[in-house]
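Data block below; observations after.
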Amino acid sequence: MDDPSFRPASPPRPLRIGDTAPDFQARTTMGEVKLSGYRGRWLIFFSHPADFTPVCTTEFVALAREAARFEALNCALLGLSVDSLFSHLAWIRAIRDAFGVTVPFPLVEDPSMAVGRGYGMVDETAPDSATVRASYFIDPQGIIRAMTWYPHNVGRSVEETLRLLAALQSTADDKALAPEGWKPGETLLAPPASSMAEMQDGADWFCHGVKA
């Protein structure tokens, strides 16, 4: 390139915690879905590399079996891969027949990769179209509150997903913090003091618990 004025186009900024989740409308295994239609409740929007693959199957079986626990936390689940709707339907039926579980949440088709690329689930430089194991924790106002990313060869932990969701909900009002390994029912931490008047007495003034 000999033109001195040429500048390569900058890639779009990756999504970050605190961003509004990009809206979209797409076909799913349960009909048309619009992401903004989930406003008013929590949503975990997640991608998997491909249908009919071993690790993805174990994730979907585990999520289906624990779906009631997500529902109890007022959280919907929404999956995605670049496979077609017909592949999704066949895979969900195969899971039901092989493992005796019904997947109770929608699975988005994304053959054009438009949604996956918009969320960064598909790398523009990747050698294939497989999405990574990305999960976006979206609050009732449509704001991304957390993200997790796993490689193709390592499955997500449903227990950790539930723990993170509960921690986000318990700290959403910014009145408490979740310590390492926190689980529902355990003590939360008080936010750090911003003035001398707010400092607590005792040796643990900088790291003390509050009721959940």
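Data overview
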{"item": "Residue among ALA50, ALA68 that is out of contact with any Leu (no Cβ under 7 Å at 6 or more places or on another chain), in a loop (DSSP other than H, G, I, E, B) and over 16 Å from VAL33 (Cβ atoms)", "result": "ALA50"}
{"item": "Which listed residue is within 18 Å of ALA62 (Cα to Cα) and of a type in the set (Val, Ile, Thr), from THR131, THR161", "result": "THR161"}
{"item": "When residues of region 14-46 are limited to those that are open to solvent by less than 20 Å² (accessible area, probe 1.4 Å) and not in a strand (DSSP E or B), the one farthest from ALA167 (Cα to Cα)", "result": "LEU35"}
{"item": "Residues located in region 76-104, provided they are touching a helix residue (DSSP H, G or I) at 6+ places or on another chain (Cβ under 7 Å) and either open to solvent by 50 Å² or more (accessible area, probe 1.4 Å) or of a type outside the set (Val, Ile, Thr) (or both)", "result": "ALA76, LEU77, LEU80, PHE99, THR102, PRO104"}
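To keep it simple, each residue is scored yes or no on (1) open to solvent by less than 50 Å² (accessible area, probe 1.4 Å); (2) charged (D, E, K, R); (3) outside any strand (DSSP E or B); (4) modelled with pLDDT of 95 or more.
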residue	(1), (2), (3), (4)
ALA146	yes, no, no, yes
ASN153	no, no, yes, no
ARG156	yes, yes, yes, yes
LEU168	yes, no, yes, yes
LYS175	no, yes, yes, no
GLU186	no, yes, yes, no
SER194	no, no, yes, no
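The values are calculated or read from the model by the stated rules, or taken from the named source; none is laboratory data. Note that the structure is a prediction, hence the values are computed from the model and not measured. Note: ideal-geometry Cβ built from the backbone for every residue, glycine included; neighbour counts use all protein chains shown. Remember, those area values only see protein heavy atoms, side chains included, never the ligands or the DNA or RNA. Shrake-Rupley method; radii C 1.70, N 1.55, O 1.52, S 1.80 Å.
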